[in-house]
Amino acid sequence: MAHLRSRHRLALAVPVVLSLTASLGFLPGVAAATPLAAPAATTTADGPNLSYVVNTTTDHRTIESVKRAIGAAGGTVVIAYEQIGVIVVHSANPDFGPRIRAVRGVQSAGATRTSPLQAAGTTDEGAVQVLSAAEAAKVAKTAEPGQEPLEADQWDLRAIGADKAAAVDPGSKKVTVAVIDVGVDDTHPDIAPNFSPSQSANCVGGKPDTTYGAWRPVDAAHYHGTHVAGEIAAARNGVGVAGVAPGVKVSGITVAEPDSTQLFYPESVVCAFVFAADHGVEITNNSYYVDPWLYNCLDDPDQKAIVDAVNRAQLYAQRKGTLNVAAAGNSNDDLDSDALTDASSPDDSTATTRTVDPHKCFDIPTQLPGVVTVSSTGVKGAKSYFSSYGDGVIDVAAPGGDRYQIPDTPSGNGRILSTLPNNTYGFLQGTSMATPHVAGVAALLKSKYPWASPAQLQLLLKAEADNPGCPTEPYDGNGDGVVDATCVGGKHVNGFYGAGIVNALRAVK
Ligand SMILES: [Ca+2]
Ligand SMILES: [Ca+2]
C-alpha cells in the first residue's frame, strides 16, 4: 500500500497491512551492480523474472530495432507504446538492464521493481472508518431539504462551496475524470449513475484489459479508488453522499496489484496515462506515488528510466488535452528542502534508509512537469498534519481531512466521508482525499470552458483559490507542542497551500 498516499510516506489514508502472499514471482537479484560488459546473445533465464521499461524514440524503425535487441538480450516485449517510445519488457536475464542500456536508440531503461515484498507496515493516518447503519441513520436525520442524506457530515463540500456550486451547475456529462487507483466499484448506487465504462480499464502489468468490469476492485480491501471516485462525482440522487462535481462522469483505471500489497508499478501507471489520453479523458486523479521508490533519483539508471517512462506517458496525456492532478504525499515532507530521509524504498523488498534531495529525486507523478500538485487541509482550513508541502512545489490545496481538526458535524469526524465498495460509506484522510476535490473543481471548470487546455485549467484553479497564507504561529499540526513544519512564502503563494484552497462555487459562476 505504499503507493497509496496513506502511510507515513506519502499517500493517503489507507490501512491495510502489507503481507507477502503470492504475488508474482519477482525475486531479488536485480542487475543493478552488474557491469556493462556482458557477452552477446545471452538468453539464459537464470535470474528472477523482472519487469522493465525501455525508453526509446517514437520512430517506428528505431523501435523495431530496439525490440530485436530486447529479444537478443533475453527480454520479452509485453507491449510497446510507440506514441511515447516506451516498451514494457519482462526478462529473467540478470544482465538485461546494462545490456539494453548499451543498445543504440535506447535512451534509458531499467527495472521497475526489485524483489518480492517482505516488510509490513501500518498507516499513520489510520484505517478507514466505516459509517455504521446506526451512525448513518443519525446523520441522515439532520439532513436539510435539498441535501443528500449524509451531507451534514460532508464539511469538505461546504469548505470549498461545492454544495452551493451544485445548485448553479453540477458539471457536464461530457467531462470525465479517470480515477487511476486500486479499482472503482461502479455498482455502488452513488457512483453507478455517473460511471463511464468505455473510459475504464485494468492496466495492471502495463497492458489495458477492457473486459467489462475489469476495473472493479478485486476485494473490499481495495477500497481506496471507490472513495476517491465518490469524492469527485457521487450523484445527487437522494442517496448517501454527493461529490464535488455530481454532474460529471467518472471512470476507473486500475493500476494496483490485486494482492494485498496493492503496489502501483510504473508500467501499470504508464498504461493508465496512455489509456486515459487515448479515450478522451479530460482529467486524471492520481492519489498515489509510483512504487517501488518514494523518491526516484536520476543518478540511478533504474529510477531514471522509471521517471522517464512515467513522465512521457503523463506528458502525452497533457498534449492530448488531459489535466493530471496528483497528491503531494502524506509524509509531512518539505519537498523544497535540501535533504529528505526516505526510509521506505524500495517498498517491494527490503527498504533501506537514504538521504535524498527532492530537487533531484522525485516523487512521481506529483513532481512531474505540468502535473497539479495538491496539499491537504482540515476543517479549520489549516494544512493537515500529514500533508507534504514545499514552496514552489505545491500548486493548490484542498480538504483532505485531519483528525486533529474537529468539525461541528453530526459525527464530528475531521476526515472525509465518501463511498466504499459494496454499497457502504466511510471516512478517510490523506492528500489522496484532497486531490479528488481539486480534480472535481477542475471538472467543473472544464464543463464551463470546454476548450480550456490543461495549462489554462491549472491557471484557473489557482486564480480562483483562497489562500489562508502562512500561519502566524509556529505550525504544530498534531498539537504535541513540537513544531512540525515551516511555511515559506507569502499571502498569495506559499509552501503550505500553493496558490490556495480551490473553490467550486467560483468555478461555476
Ligand atoms: Ca448521493
Ligand atoms: Ca507537533
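A few notes on this one:
- Residue identified as of a type outside the set (S, T, N, Q) and touching a Cys at 6+ places or on another chain (Cβ under 9 Å) among 191, 253: 253
- Of all residues assigned to segment 393-416, at least one qualifies as being more than 16 Å from ligand 1 (Cβ to nearest atom), touching a residue at least 12 places away in the same chain (Cβ under 8 Å) and closer than 25 Å to residue 187 by Cα.
- Candidates 187, 176, 210 - the one that is of a type in the set (Val, Ile, Thr), touching a strand residue (DSSP E or B) at 6+ places or on another chain (Cβ under 6 Å) and in contact (Cβ under 8 Å) with a residue 12 or more places away in the chain: 176
- Residue match in segment 258-268 (condition: of a type in the set (Val, Ile, Thr) and either surrounded by fewer than 24 Cβ atoms within 10 Å (Cβ to Cβ) or within 13 Å of ligand 1 (Cβ to nearest atom) (or both)): no
- Of all residues assigned to segment 181-196, none qualifies as being part of a loop (DSSP other than H, G, I, E, B), buried (at least 22 other Cβ atoms within 10 Å of the Cβ) and of a type in the set (Ser, Thr, Tyr).
- Of all residues in segment 187-228, those satisfying the criterion of being of a type outside the set (Gly, Ala, Ser), within 16 Å of ligand 1 (Cβ to nearest atom) and more than 16 Å from residue 284 (Cα to Cα) are 187, 188, 189, 190, 191, 193.
- Selected residue [within 14 Å of ligand 1 (Cβ to nearest atom), of a type in the set (A, V, I, L, M, F, W, C) and assigned to a loop (DSSP other than H, G, I, E, B)] from 152, 136, 143, 166: 143
- Any hit, segment 349-357, residues being assigned to a loop (DSSP other than H, G, I, E, B), away from ligand 1 (no atom under 16 Å from the Cβ) and on the phi > 0 side of the Ramachandran plot: no
- Scanning segment 432-481 for residues that are of a type in the set (S, T, N, Q), touching a residue at least 24 places away in the same chain (Cβ under 8 Å) and over 13 Å from residue 374 (Cα atoms) turns up 447, 453, 467, 478.
- Some residue of segment 455-473 being more than 30 Å from residue 218 (Cβ to Cβ) and within 16 Å of ligand 2 (Cβ to nearest atom): yes
- Candidates 245, 277, 272, filtered to the one that is within 16 Å of ligand 1 (Cβ to nearest atom), at pLDDT 95 or above and touching a helix residue (DSSP H, G or I) at 6+ places or on another chain (Cβ under 9 Å): 245
- Residues located in segment 463-499, provided they are within 17 Å of residue 329 (Cα to Cα) and either of a type outside the set (S, T, N, Q) or within 16 Å of ligand 1 (Cβ to nearest atom) (or both): 477, 484, 485, 487, 495, 496, 497, 498
For every residue, the table says whether it meets (1) within 16 Å of ligand 2 (Cβ to nearest atom); (2) closer than 12 Å to residue 501 by Cβ; (3) at pLDDT below 95.
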| residue | (1), (2), (3) |
| --- | --- |
| 363 | no, no, no |
| 373 | no, no, no |
| 380 | yes, yes, no |
| 388 | yes, no, no |
| 393 | no, no, no |
| 398 | no, yes, no |
| 411 | no, no, no |
| 415 | no, no, no |
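- Residue count for segment 426-435, restricted to those that are over 15 Å from residue 387 (Cα atoms) and crowded, with 24+ Cβ neighbours inside 10 Å: 1.
The values are calculated or read from the model by the stated rules, or taken from the named source; none is laboratory data. Computed from a predicted model, the values in this text were never measured in an experiment. As a convention, Cβ positions derive from the backbone with ideal geometry for all residues, glycine included, and neighbour counts pool all protein chains shown.
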